[in-house]
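Just below is one structure, and these are the notes that go with it.
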Amino acid sequence: MIKTFAFAFACTLLLASGLWSEELPSAPEPQTGNSAQNNMVAFEEPAPPPQRREQQALRTADAHYWAMAGLASGATVSNVELITRCSACTLVPGGIRGSRGALYGIGIPVAVAADYLGYRIKRNRSRTWVVPMAVVTALNIGYAIHAAHTTF
C-alpha cells in the first residue's frame, strides 16, 4: 500500500512539475553614456490601471489549472467506482463502502475544496498552487490501485 501510494504521488508530482516551467523575466539593460545623464531622475509613465477581476480570473484559471482539476476529479471518480466493487477494502468503513452516493458525497467535496485552495494559491502567484490537487489526486489514485488489486 505504501509503495503504491508513493508511486502514485511521484507520478502526480512529475506530471505537475511540467506545469511549473514558467519563464522568468529578463534582466534590466546596463546603462551607457554620460554619468551625469545617468544620475538624472527620469519620469516614468504612469502605471496602467489595475485589471478587472474577470480578466484576472481568466488568467488564473488557465489550461494548466483545469488540467490538474480534471485529473483530480477523474481520480476521485475512479476511486469511488473501484471502492464500490471492492469487498475486501478495509480502510473504508463497511457502511459507506457499497454506497456510491455516500462515497461521491465525501469525494467530490474534498476534490472541489482542493481545487478551490489551489485556485486561491495560484491567484496569489505562488508556484505551490498544484500541491493541494496533487495530494488529493495521489491519495485517490493510490487507494484506487489498492481497490483494483483486491477486486480483480
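The values are calculated or read from the model by the stated rules, or taken from the named source; none is laboratory data. Everything numeric here is computed off the predicted structure, so don't read it as measured data. Cβ sites come from the backbone with ideal geometry, for glycine too, and all protein chains shown count toward neighbours.
For the reader, a short list of remarks on this structure follows.
- Residue 128 vs. criteria modelled with pLDDT of 90 or more, β-branched (Val, Ile, Thr), surrounded by 15 or more Cβ atoms within 10 Å (Cβ to Cβ) and assigned to a helix (DSSP H, G or I): no
- Test: residue in the range 114-124 that is assigned to a loop (DSSP other than H, G, I, E, B) and without any contact (Cβ under 8 Å) to a residue 12 or more places away in the chain: yes
- Inclusion of residue 101 among residues that are assigned to a helix (DSSP H, G or I) and either surrounded by fewer than 12 Cβ atoms within 10 Å (Cβ to Cβ) or modelled with pLDDT under 90 (or both) is warranted.
- The residue pairs whose first member lies in the range 98-112 and is without any contact (Cβ under 8 Å) to a residue 12 or more places away in the chain, whose second member is surrounded by 15 or more Cβ atoms within 10 Å (Cβ to Cβ) and assigned to a helix (DSSP H, G or I), and whose beta carbons are closer than 6 Å, counting only pairs six or more residues apart or on different chains, are 102/96.
- Number of positions in the range 78-97 that are part of a helix (DSSP H, G or I) and either of a type in the set (Val, Ile, Thr) or over 25 Å from the mean Cα position of the chain (by Cα) (or both): 8
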